[in-house]
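First the structure, in the form of structure tokens, and then the observations on it.
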Amino acid sequence: EMLRGVGGILINQLGERFCNELGTRAYVTERMLNHNRRFPFSKFWNPNRNSRVPTFSLILSESAAIEAQRHVKVYSKKGLLSQFRGLETLAQHLKIPTSTLRKTLQDYRSAAAAGIDQYGKRAFENVPSDDMDSETFFVGEVTPVLHYCMGGITIDTQGNVMKEDGTMVEG
């Protein structure tokens, strides 16, 4: 959350933004899970064992990384964030065409200048510089997760709520 708050930009595996990064945990997680074609209709993740939970990238501009430098240092040391000089090396790391990533970040810069984007985001901190070829970027992989639950319930490895007898609560 902190990295999203200082200007982190979330993109999917196609290099596209898909949400207001300043949204709640529940909102961002739901937008991530919507990448599974069954989830928007069923609100259940595809239980097929071959179905991977989607991964996403959180991109920080150099100015965002400076603002969050204590966190960036810790996450980098743990191997959770990687540093790249220039858009092309970042795109190569993400296995996304440079032109796609450039368009995504240029669109983000344009939305920031306009003061609103297609997801309703109105606050844009530490936007990547116009010179993306010289910008230093930090990137980490993120996944949707069950963040918290009030009241103490038992869940299985798929996140299903379990009854005391070990059977799953339906719905």
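The values are calculated or read from the model by the stated rules, or taken from the named source; none is laboratory data. Just so you know, these numbers come straight off a predicted model, no measurement behind them. Please note: Cβ atoms are built from the backbone with ideal geometry, for glycine as well, and neighbour counts cover all protein chains shown. When the accessible area is computed, the model is the full protein with side chains, heavy atoms only, and any ligands, DNA or RNA have been set aside. Shrake-Rupley method; radii C 1.70, N 1.55, O 1.52, S 1.80 Å.
First check a/c for the stretch 68-138, with a ≥ b ≥ c the square roots of the eigenvalues of its C-alpha gyration tensor; if it is under 1.5, answer rounded, and if not, answer prolate when a/b is larger than b/c or oblate otherwise.
oblate
Overall, the stretch 1-114 carries a charge dipole of about 420 debye about its Cα centre when +1 sits on the Cβ of Lys and Arg and -1 on the Cβ of Asp and Glu, all other atoms neutral. Highest average first, the peptides 73-82, 102-111 ordered by how many other beta carbon atoms sit within 10 Å of their residues are 102-111, 73-82. Counting only heavy atoms of the protein chains and using a 1.4 Å probe, Met168 has close to 70 Å² of accessible surface. Which whole-angstrom value gives the distance between the alpha carbon centres of the stretch 1-32 and the stretch 127-147? Here the two parts' Cα centres lie 11 Å apart.
Annotation: amide H-H contacts under 5 Å for Asp133 (H modelled 1.01 Å from N, sequence separation of 5 or more, or interchain): Leu87.
Dividing the mean sequence gap of close Cα pairs (under 8 Å, 6+ apart) by how many residues the stretch 11-140 holds gives a relative contact order of 35 percent.
So if the hydrodynamic radius of the chain is defined as the Kirkwood radius over C-alpha pairs, what does Stokes-Einstein give as its diffusion coefficient at 25 °C and 0.890 mPa s, in µm² per second? Please list the in-between numbers first.
Values: Rh = 17.5 Å.
For these conditions, the coefficient is 140 µm²/s.
Tell me, what % of the accessible area of the stretch 1-105 is carbon and sulfur with a 1.4 angstrom probe? Show your work: numbers first, answer last.
Details: 3260 of 6180 Å².
With neighbouring chains kept in place, the figure for the stretch 1-105 is 53 percent.
Simple rule: put +1 on each Lys or Arg Cβ and -1 on each Asp or Glu Cβ in the stretch 61-159, find the dipole, and look at Leu90, Ile155, Pro144; the Cα lying farthest toward the positive end is Ile155. The residues of the chain have, on average, 62 Å² of accessible surface per residue, using a 1.4 Å probe with all protein chains present.
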